[in-house]
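Visitor: Pasting a structure here, questions to come.
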Amino acid sequence: MTEIILMTLSGKDKPGVTSALTAILANYQVNILDIGQAVIHNTLSLGILLQVPPESESSPLLRDLLFRAHELDMMVRFEPVSEADYQDWVAGQGKSRHIITLLGRRISAAHIARVTDIAARHGLNIDNVNRLSGRLPLEKIASHDLNTKACVEFSVRGIPADASALRQEFLKAAADYDVDIAFQQDDIFRRNRRLVVFDMDSTLIEAEVIDELAKEAGVGEQVAQITEAAMRGELDFDQSFRRRVALLKGLDASVLEKIAQRLQLTEGAERLVSRLHALGFRTAILSGGFTYFAEYLQRRLGFDYVYANQLDISEGKVTGEVVGSIVNGERKAQLLIELAEREGIRLEQTIAVGDGANDLPMLSIAGLGIAFRAKPLVRERARQSISTLGLDGILYLIGFRDRDDLDQDQHASS
């Protein structure tokens, strides 16, 4: 009769542990039904699910494994598994799985306790836990360095009975603890994203360019009032945009270069875009701002595509008009669809990043839509959000580990 045994081993990590044990298993013609291990602070935890064939006796096998583990200074435990339990385990194969990503400047026990409690109450069982962020020196932890990043990823199985309620609980926990929590289905598309599109103003750059232009034109307060009216829903994007641009009439075009030179990239933008390109992603700017500044970022960071509004200039002066149709929310979504078709990929393989209400259409159709440092309304409606880290926090949402960084200095510190 076939015996099924779960062997768990723990102790100081060293080369050759798995080799030594599996060599013994091979002598007894043992089948390995499952195997997994984790190493935390040089301590190994190894689990192997064994199927001992009828022609082999388990007693001498377990004795040999026990002696070898003792020689390796490891603790070993054996637990019999019934065929019924094994069949139940097999039946779980292929069931829905999700990834919960916890991000912050630091992660504490309280953060993990809250996240895992929510997951458990919604019927999600944790299969695996991984730290994606690099190791932090004690002095950085003690100094409360604001540039640190921390990320833990939980692989869970099961389907929440109420996905909307689960999301609301994660949103509240994120707000309570000043962290970000993402919940994604773990499918083939999550592991094969190919195109990332970005809003520009207040996403890739810290400023709203039209506000900077308005200040130079001496109409900053008037433009701000129109923006406020649009945010209150009194004007749609196209109306508010045309009214604001009209106030720029007569502005000297030379001002555009001056503003471009002083634009501040958002934290993590340069690292994110360079890593995406190194990994073979295609990138695009889809902006309700202006092509002059989007093309400036394209030259600086190497974006593959740029779509924005062209500011009309005549005889060296801004005319107060835009050339062609306005890139509004609906246009951004349409452009995302067109770019996916051009690249020969599905929408599920795309990522969209933005901060405003006019980004919601593209965030809603992308495979991964991320509200970045967005207003509460946008965070509420977008499926994922990042508010505590810089743009490079997005790398964690695609499973990127700090130790995967192609920058050798960063690699050494991870």
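Visitor: For the chain, what is the percent of antiparallel DSSP beta bridges, rounded to the nearest 5?
Guide: Numbers: 52 of 72 bridges.
Just about 70 percent of them are antiparallel.
Visitor: So for the chain, taking the charge dipole from beta-carbon charges (+1 Lys/Arg, -1 Asp/Glu), which of His70, Ile48, Leu276 sits furthest toward the positive end?
Guide: Leu276
Visitor: Pick out, in residue order, every one of the trypsin sites (Lys or Arg not before Pro) in region 66-109 that is DSSP loop and has at most 16 other C-beta atoms within 10 Å; say none if there are none. It would help to have the intermediate numbers written out before the result.
Guide: Values: sites: Arg68, Arg77, Lys95, Arg97, Arg105, Arg106; in loops: Lys95, Arg105, Arg106.
Those that pass, being in a loop and sparsely packed, are Lys95, Arg105.
Visitor: Post the alpha-carbon centroid distance, region 152-200 to region 268-318, in whole angstrom.
Guide: What the calculation gives is 28 Å, centre to centre.
Visitor: Here is a further query. Can you list the residues of region 108-135 with backbone N under 20 Å from a point 7 Å past the Cα of Gln168, pointing along Cα to Cβ?
Guide: So the set is 114-124.
Visitor: Placing +1 at every Lys and Arg Cβ and -1 at every Asp and Glu Cβ, with all other atoms neutral, what dipole size does region 305-393 have around its Cα centre, in debye to the nearest 20?
Guide: Working: 10 positive and 12 negative charges, 69 e Å.
Roughly 340 debye for region 305-393.
Visitor: Continuing with the same structure: Taking only Cα atoms, what is the 0 to 90° angle, nearest 10, from helix 163-177's long axis to the longest principal axis of the chain?
Guide: 80 degrees
Visitor: Follow-up question, since we're still on this one. Taking the Cα centre of the chain as the origin, how large is its charge dipole in debye, to the nearest 20, when only Lys and Arg (+1) and Asp and Glu (-1) carry charge on their Cβ atoms? Intermediate values should be presented prior to the final figure.
Guide: Numbers: 47 positive and 59 negative charges, 41 e Å.
Once rounded to the nearest 20, the dipole reads 200 debye.
Visitor: Still on this structure, please answer the following. Under the rule of -39500 (n - 2.57) per DSSP H run of 4 or more residues, summed and divided by the residues of the chain, what mean residue ellipticity at 222 nm is obtained, to the nearest 500 deg cm²/dmol? Don't skip to the answer; put the middle values down first.
Guide: Working: 17 runs with 165 residues, N = 414.
Rounded to the nearest 500, it is -11500 deg cm²/dmol.
Visitor: As I understand it, the value is the acute angle between the Cα axis of helix 291-301 and the longest principal axis of the Cα atoms of the chain; what does it come to in degrees, rounded to 10?
Guide: 40 degrees
Visitor: With a 1.4 Å probe and every protein chain left in place, work out the accessible area per residue of the chain in Å², rounded to a whole number.
Guide: On the way: 20760 Å² over 414 residues.
I get 50 Å² per residue for this part.
Visitor: Here is a further query. For a test of understanding, tell me how many lysine pairs in the chain have Cα atoms under 13 Å apart, given they are 8 or more places apart or on different chains. It would help to have the intermediate numbers written out before the result.
Guide: Values: Lys140/Lys149; Lys215/Lys249; Lys215/Lys258; Lys249/Lys317.
Going through the chain pair by pair, I get 4.
Visitor: Could you look at the chain and say what percent of its accessible area is carbon and sulfur, using a 1.4 Å probe and all protein chains?
Guide: For the chain, the apolar C and S fraction of the accessible surface comes to 49 percent.
Visitor: Charges on Cβ only, +1 for Lys and Arg, -1 for Asp and Glu, centred on the Cα centroid of the chain; of Ala308, Pro80, Leu136, which one is farthest towards the dipole's positive end?
Guide: Farthest along the dipole direction, towards plus: Leu136.
Visitor: Moving on. Quick check for me: using +1 on Lys/Arg Cβ and -1 on Asp/Glu Cβ, what's the dipole size of region 3-91 about its Cα centre, in debye to the nearest 20? Before the final figure, lay out each step's value.
Guide: Details: 5 positive and 12 negative charges, 89 e Å.
Dipole size: approximately 420 debye.
Visitor: Under the definition of Cα pairs under 8 Å and six or more residues apart, what whole-number percent is the relative contact order of region 63-180? Please list the in-between numbers first.
Guide: Working: 117 pairs, mean separation 41.5, N = 118.
Relative contact order of region 63-180: 35 percent.
Visitor: Using DSSP to call loops (not H, G, I, E or B), can you name the GluC sites (Glu not before Pro) in region 188-254 whose Cβ has at most 12 other Cβ atoms within 10 angstrom?
Guide: Numbers: sites: Glu206, Glu208, Glu212, Glu216, Glu221, Glu228, Glu234; in loops: Glu206, Glu208, Glu234.
In loop regions of region 188-254 (DSSP not H, G, I, E or B), the sparsely surrounded GluC sites (Glu not before Pro) are Glu234.
The values are calculated or read from the model by the stated rules, or taken from the named source; none is laboratory data. If you're wondering where the values come from, they're calculated on a predicted model, not measured in any experiment. Note: ideal-geometry Cβ built from the backbone for every residue, glycine included; neighbour counts use all protein chains shown. What goes into the accessible areas is simple: the full protein's heavy atoms, side chains included, and nothing from ligands, DNA or RNA. Shrake-Rupley method; radii C 1.70, N 1.55, O 1.52, S 1.80 Å.
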